[in-house]
Amino acid sequence: MDNLITQARQWLSENWDPDLSLVEWRTKLAETGWATADWPEEYFGKGTSAEDAAEIAAVFQEMGIVGAAQSGVRMLAAATLLEHGNDTQKRKYLKRIITGEDSWCQLFSEPGSGSDLAGSTTRADLKGDEWIVNGQKVWNTSAHHADYGLLLARTDWDVPKHQGLSYFIIDMHQPGVEVRQLKQMNGHASFNEVFMTDAVVSRDNLLSEVGNGWQVAVTTLAHERRSFDRIRGGGSLAEQKGRIYDEYRKELEIDNEPYKWYPQRAGRVDLILERARETGAINDPVTRQEIAKLLIMSRSAQWTAARARAAQQAGKPQGPEGSLGKLAASNIARLAARVHTDISGADALLTGAASPHDGIIAEILVSVPAVSIAGGTDEIQKNIISERVLGMPKEPRFDTGPFKDVPRNSVSGKWGAS
Amino acid sequence: MDNLITQARQWLSENWDPDLSLVEWRTKLAETGWATADWPEEYFGKGTSAEDAAEIAAVFQEMGIVGAAQSGVRMLAAATLLEHGNDTQKRKYLKRIITGEDSWCQLFSEPGSGSDLAGSTTRADLKGDEWIVNGQKVWNTSAHHADYGLLLARTDWDVPKHQGLSYFIIDMHQPGVEVRQLKQMNGHASFNEVFMTDAVVSRDNLLSEVGNGWQVAVTTLAHERRSFDRIRGGGSLAEQKGRIYDEYRKELEIDNEPYKWYPQRAGRVDLILERARETGAINDPVTRQEIAKLLIMSRSAQWTAARARAAQQAGKPQGPEGSLGKLAASNIARLAARVHTDISGADALLTGAASPHDGIIAEILVSVPAVSIAGGTDEIQKNIISERVLGMPKEPRFDTGPFKDVPRNSVSGKWGAS
Amino acid sequence: MAFAFTQDQDNFRHMVQRFCVEKAPTTETRKLMDTEAGYDRQVWQLICGELGLAGIHLPEEAGGSGFGAVELGIVMEEFGRSMICAPYMGSIVMAGTALSTCATPSQQQRWLAPLLNGEKIAALAICEASGEFYSTHLHCTARISSEGWQISGEKRFVVNGKQADTLIIAAATDNGPRLFVTESNATGIDIQQVETMDPTRKMADLKLSSVDAELLGQDVPIDLDALQNLTLVALANEMAGGAQALLEAAVEYTKLRVQFGRTIGSFQAIKHKLADLLLIVESAKSAAYQAAVAFDNKEDVSENASLAKAATSEAYLQAAIDCVQLHGGIGFTWENDTHLWFKRAKSSEVFMGTPAFHRERMLQAMGD
Amino acid sequence: MAFAFTQDQDNFRHMVQRFCVEKAPTTETRKLMDTEAGYDRQVWQLICGELGLAGIHLPEEAGGSGFGAVELGIVMEEFGRSMICAPYMGSIVMAGTALSTCATPSQQQRWLAPLLNGEKIAALAICEASGEFYSTHLHCTARISSEGWQISGEKRFVVNGKQADTLIIAAATDNGPRLFVTESNATGIDIQQVETMDPTRKMADLKLSSVDAELLGQDVPIDLDALQNLTLVALANEMAGGAQALLEAAVEYTKLRVQFGRTIGSFQAIKHKLADLLLIVESAKSAAYQAAVAFDNKEDVSENASLAKAATSEAYLQAAIDCVQLHGGIGFTWENDTHLWFKRAKSSEVFMGTPAFHRERMLQAMGD
């Protein structure tokens, strides 16, 4: 292990050259396996444990060296391919994920199936050697930049819903795929709608087996959840000079574009005291109470998350703390929006440049409603917490029969106001 | 109509004598029908409309004259008998309801069926000319004073639950009926448990028909709901002198005993400003906010109730306002308890004579939890509001088959701490 | 009305409602909110002319219809429900009422009449800094000289300020606050439309340097605080209408939307959220209606106006939060209409004073 | 522990837990709460003796076990969970800590040692009027004469005051507040047990007229506010334990209780309420644990103690309200145990300061 770190350090100091292009450098990484050390040796890794890989990543960080392309859906695609892909698929896609030459998007959610992902009605029908895909997906981050999509589609309508899905890799650059950006109520457009009309997927691009799509999707979703808390961006490399850094920053900028309002979505508790001092609201006993309530809620949530991590590190069985973060985040964001409003008074009705703090306050107020929806609504979180953590009985189900008989939304194309 | 009022006034001034006993006077009332004018002429009434009867009642009030025995479950029993009783039953029971010679209780709720009244498992089995009753009832106000009980019991276990119930009049003075007072967390004992062990009901005391019990119970419950808001007691007669008034006050005292903590249960919003001035909390900006929130909630609820009554009087179809009072009352009581706590500070932990306002504050704090439970929990209210007012789809049901196959609580006798 | 609307009032409401459904679908709102004027002149002519809504609450002597705050409340509730884009709040409720209350008959003839027939738009400028809607200490001052009154200072959150032909301005004189009137194109006035979260309600900031203006009415003390009460009543009723619209949208959507093989409206958590919301919205309506009745009866006007503002603000915001949430992802999109109400709710929450401010104002008005 | 308890701490918790399950079922609590003493002497001997819990957080020099607030927190959490009747809060946490902090070694020998071995009970009297737990201006005064110190004044909310053999009293001297110690049967002391909502925690009011007392420690300034922080940390952990017990009871009951042919725990509204409650309770536990860690690390002690008091008070009360509600009618009966925790929750909410007080204290401790 120590040996491995020493090797990494040595290899990096011998090979690192900030004047290489991103792709040149990352091609070296893929060939040697240093950037993705916990991947298997035959697939651009070194077969190390996840802990060792993390140590090696820390060396990259410490030496200020650019690693594999991490951002967006790339790592979810890689994890899914590593677990469910066949040899050809892994050889074809994994390397260009590391180099960043290909970017990926996820095509799971649909207008008619948001909370109920397995209720997907996008269909894939086998015609000769090709799957013909028809349907609409939505909430597809960065789909307008993506080369490939991870597609969940229904291939069998006569079996229960989880059993009739298959998982494909779809080439986004084809006439049958149309991507539209989707504007949100906060003015940003972080997501896309993807319309597939007789889009084509070759047989080779089926992942795992026909009807096994839900199991594959679960892998993707598990990795998505794990990356929920991961800090995005690469702050420490932001100041470095050299060709590769310029390319890297450009890559980051594109990849992070959809997430730039996320700090506001979370409510910006960090700004509360500063703003309260600025406006004088810190002297108002009523506002002080609300500020304290928010700080208590927010700190308690941080400590709960820390307890969950500490327990995990100590090898203890996961307690209830682990599942609570998302629900806590919703409560915090909602309360933060209220407190920011109290603090700003009438100025809270301004927007854009007129809004306090370079428009951040307004962006908070119109962004927080997303926290309790994106990545699983509060309602879904509470179902999960009550059933999985507290062991409460499950809801009675109405969707266990053949999918073709399950009631579903009639809307399949456009969805407008209610 | 005017004529009727004139007649009433005349009859009352000619016959009223405060030196009569309660029973003597009320016997006259029953014989002439003046106290229960909207009952049929053949059953101690005058067959008037409800409005006319209300006008006549106002004359009693105005002249300071004692009317029929109103309190407790008596009027629910009368209404149910009038609608579902046969001639013999009406003749036997109604008069002594008016005179107050008999008092009644309701035997509906059971330890195993609280929210789910129709899930009653108290059984009545016909043996010869008698029904033999076994089971336990609970939340039976004034059962320890009652001569008769309105009993809901299961007579058929092979049909769906609502169809297998029958409705009886049970004589409370018999060896098979044991009444125990039930102490509450606030120290009062307003309710009883009633244990029936081979208790006997003669065939004559079946109301309506076998299997028709739920329909009869609905009548009782509807009248109970209507009396929910009625002001209890008879303030205006409290000061009068004379034998009949003494007897009347004694009757009231017994009948109202179970309800004496009800004002505290509702949160005593009326005391809030007085208490805040008393303790100086009125000068605390934070408490002022909470006081204002409470007053806004409480006044809005009063206005909503007034809107419902005004719409009804104007002959408009009932709007959503009518169903909201009980849910509003829960919210108000809960908030009032919080505000009383804020106002009293550490004194809120005292009780009995040590507690502020002659112990009223402590009684509020330990009584408000009942508001959101008694007479239908908040959860049940929200089901009703969402389904009946907003037209939301009903919950899927699991209790539609033969009752013997419906899952139910195994507890049938004693129920203790969880 | 004490607690029930009369048949006439119900009919009146249905008339306004039909008009809004026909003339102000959200497709129109979305079009108009992106224009600088923010309203449709033809529709405005109908409102002032054919429908006769412009002077609904003003006395007949002032050119109004002689009804009261209750009828105005009905208009506002339906306008708030439909999210119609019209300068009703700025020109009629705020400026119109100020002129009707303070101006001389000849001033009313000159300045108010063109508002009521829709020829002109006016705006009322009182507020000077964030939240100071009720300040009795104005920094904006009026000085008299031989050439008449001149005003200097700054004003904020002036509803329909940029659209206005006429400006009513509160300014301090040596004898206390007074209202003044001037054309908006008078020399020395700088009007900047400000970017607000809710683009359906335009607001502007004013800078005034030695602007010639005419004193409204006689030189007698005016109570700006009391003048604001009608705006509060109108705003409360508008918010009640908005909350109602959101509740209806949430109910409708959850009855249609299917997930897990059932409509989401059949899930108990959603049913209960809607039951809670119904109680909140009906309570807010009660408060808004009662504030209008109190205004007309001149009973505890400030107390009831502030009560209603606080109650309806909270209810509207809650309805907006719930309505987005119950729509799920779709509710967060620009394409879905929910955000129009959400933004109106959010900005109405703080316009004319935050809920906390009005809770305090209510208690003070009660003498506590 | 930073954020995870060590294996030793977990073992310690299980030991305390097992003890409570065995020795303090609610049948015992119900029996003891109706007695004047309010605790079982034999069980108390076990706690102080065999289990060694009495001096858990006190330094070894003072006769304690040398552990810290974290271990004390574990004891309190389990005691709060089980609702054990014992004079631990009054005699150990409050009086014991005061003696350990302020008394000289010989005073500790005389006054503290008998507390730790369970021979005697002590109580700490600081508060004088409702809510004044942190007053720096004491009305109770101590005067020195040739015969020593004499104290006069009144004290309220003295935990275990009536049970105490020894009283520690805060009183004002000419040089500022000081702590004094005296036997509870000294001349001039009137101790009245007061009726509290929560009969499992006995409190008394004291009247002192010229009571001979001994100054604790040297005649140096003491910071009563800082002294109260350990009590707050202990109370917060006790409340976290109580909230946990209520959550568990609600979960267990709703899984068993059948209505409408299904367990009520299968209704989504109930499931969601419990999920919300779990979040509240776990957050409160985090706050309580962190306050203990902060106390031991001497980092932002007041800030974290007040944060924890506010957080756990609100959580405990919410858990109590929900637990009664989820039990339905049965939850409102005397026979059901829920009310024991409800009353403890309700009285702990205001004991040592209301949540609002502590939110303010927290911000002030942060320098804001």
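Give the residues of the range B:324-362 that are of a type in the set (Gly, Ala, Ser), touching a residue at least 12 places away in the same chain (Cβ under 8 Å) and buried (at least 20 other Cβ atoms within 10 Å of the Cβ), sorted by residue number. Of everything in the range B:324-362, those that are of a type in the set (Gly, Ala, Ser), touching a residue at least 12 places away in the same chain (Cβ under 8 Å) and buried (at least 20 other Cβ atoms within 10 Å of the Cβ) turn out to be B:328, B:329, B:330, B:333, B:336, B:337, B:344, B:345, B:348, B:362. Scanning the range A:152-208 for residues that are among the basic types (Lys, Arg) and closer than 21 Å to residue A:111 by Cβ returns A:154, A:161, A:180, A:183.
The set of residues from the range C:233-265 being among the small types (Gly, Ala, Ser) and either buried (at least 23 other Cβ atoms within 10 Å of the Cβ) or outside any helix (DSSP H, G or I) (or both) comprises C:234, C:236, C:240, C:241, C:242, C:243, C:245, C:250, C:261, C:265. Comparison of C:343, C:298, C:285, C:309 shows that the only residue that is at positive phi, at pLDDT 95 or above and in the same structural domain as residue C:253 (by TED's automatic domain parsing) is C:298. Residues in the range A:348-358 that are under 29 Å from the mean Cα position of the chain (by Cα) and modelled with pLDDT under 95 were compared, and the one that is nearest to the other protein chains (Cβ to nearest Cβ) is A:352. Taken together, D:85, D:127 contain a single residue that is closer than 30 Å to residue D:28 by Cβ and in the same structural domain as residue D:166 (by TED's automatic domain parsing), which is D:127. All conditions in (1) closer than 16 Å to residue D:165 by Cα; (2) without any contact (Cβ under 8 Å) to a residue 40 or more places away in the chain hold for residue D:67, with the sole exception of (1).
Residues checked against (1) at the interface with chain A (Cβ under 9 Å from one of its Cβ atoms); (2) aromatic (Phe, Trp, Tyr); (3) closer than 17 Å to residue C:229 by Cα; (4) touching a Ser or Thr at 6+ places or on another chain (Cβ under 6 Å):
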| site | (1), (2), (3), (4) |
| --- | --- |
| C:271 | no, no, no, yes |
| C:276 | no, no, no, no |
| C:279 | no, no, no, no |
| C:303 | no, no, yes, no |
| C:320 | yes, no, no, no |
| C:334 | yes, yes, no, no |
| C:338 | yes, no, no, no |
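Residues of the range A:256-315 that are of a type in the set (A, V, I, L, M, F, W, C), outside any helix (DSSP H, G or I) and surrounded by fewer than 19 Cβ atoms within 10 Å (Cβ to Cβ): A:314 alone.
So for the range D:92-111 (the condition being surrounded by 19 or more Cβ atoms within 10 Å (Cβ to Cβ), more than 22 Å from residue D:225 (Cα to Cα) and touching a residue at least 60 places away in the same chain (Cβ under 8 Å)), does at least one residue qualify? Yes, some residue in the range D:92-111 is surrounded by 19 or more Cβ atoms within 10 Å (Cβ to Cβ), more than 22 Å from residue D:225 (Cα to Cα) and touching a residue at least 60 places away in the same chain (Cβ under 8 Å). Within the range B:66-87, the set of residues being of a type in the set (Val, Ile, Thr) and in a loop (DSSP other than H, G, I, E, B) comprises B:66, B:73.
Suppose we filter the range B:380-407 for residues that are in a loop (DSSP other than H, G, I, E, B), surrounded by fewer than 15 Cβ atoms within 10 Å (Cβ to Cβ) and in contact (Cβ under 8 Å) with a residue 40 or more places away in the chain; how many remain? Of the residues in that region, 2 qualify. Each residue in the range B:73-106 was checked for being touching a residue at least 40 places away in the same chain (Cβ under 8 Å) and within 17 Å of residue B:171 (Cα to Cα), and 21 of them qualify. Of all residues in the range D:129-143, those that are within 12 Å of chain B (Cβ to nearest Cβ) have Cβ atoms under 6 Å from Cβ atoms of residues that are among the small types (Gly, Ala, Ser) and buried (at least 18 other Cβ atoms within 10 Å of the Cβ), 6 or more apart or on another chain, in D:130/B:345; D:130/B:346; D:131/B:345; D:131/B:346; D:133/D:353.
Pairs linking a residue in the range B:189-211 that is in contact (Cβ under 8 Å) with a residue 12 or more places away in the chain to a residue that is among the β-branched types (Val, Ile, Thr) and part of a helix (DSSP H, G or I), with Cβ atoms under 6 Å and 6 or more positions apart or on different chains, are B:207/B:216; B:208/B:216. Condition check for residue D:352 on (1) away from chain A (no Cβ under 12 Å); (2) hydrophobic (A, V, I, L, M, F, W, C); (3) part of a helix (DSSP H, G or I): one failure, at (3). The lone criterion from (1) surrounded by fewer than 20 Cβ atoms within 10 Å (Cβ to Cβ); (2) under 24 Å from the mean Cα position of the chain (by Cα); (3) not hydroxyl-bearing (Ser, Thr, Tyr) left unmet by residue C:176 is number (2).
When residue B:366 is tested against (1) crowded, with 23+ Cβ neighbours inside 10 Å; (2) touching a residue at least 12 places away in the same chain (Cβ under 8 Å); (3) in a loop (DSSP other than H, G, I, E, B), only condition (3) is not met. Checked against (1) of a type outside the set (Asp, Glu); (2) part of a helix (DSSP H, G or I); (3) within 30 Å of residue B:210 (Cβ to Cβ); (4) in contact with a Ser or Thr (Cβ under 9 Å, 6 or more places away or on another chain), residue B:26 passes all but condition (3).
Could you please let me know if residue D:237 is more than 11 Å from every other protein chain (Cβ to nearest Cβ) and out of contact with any Gly (no Cβ under 9 Å at 6 or more places or on another chain)? Criteria not met by residue D:237. For the range D:295-306, residues that are surrounded by fewer than 24 Cβ atoms within 10 Å (Cβ to Cβ) and over 18 Å from residue D:75 (Cβ atoms) total 7. If we scan the range A:370-377, do we find a residue that is part of a helix (DSSP H, G or I), closer than 22 Å to residue A:277 by Cβ and either within 9 Å of chain C (Cβ to nearest Cβ) or out of contact with any His (no Cβ under 9 Å at 6 or more places or on another chain) (or both)? Within the range A:370-377, none of the residues are part of a helix (DSSP H, G or I), closer than 22 Å to residue A:277 by Cβ and either within 9 Å of chain C (Cβ to nearest Cβ) or out of contact with any His (no Cβ under 9 Å at 6 or more places or on another chain) (or both).
The values are calculated or read from the model by the stated rules, or taken from the named source; none is laboratory data. Keep in mind that this is a model prediction, so the values were computed, not measured. Reconstructed Cβ throughout: ideal geometry from the backbone, glycine too, with neighbour counts over all protein chains shown.
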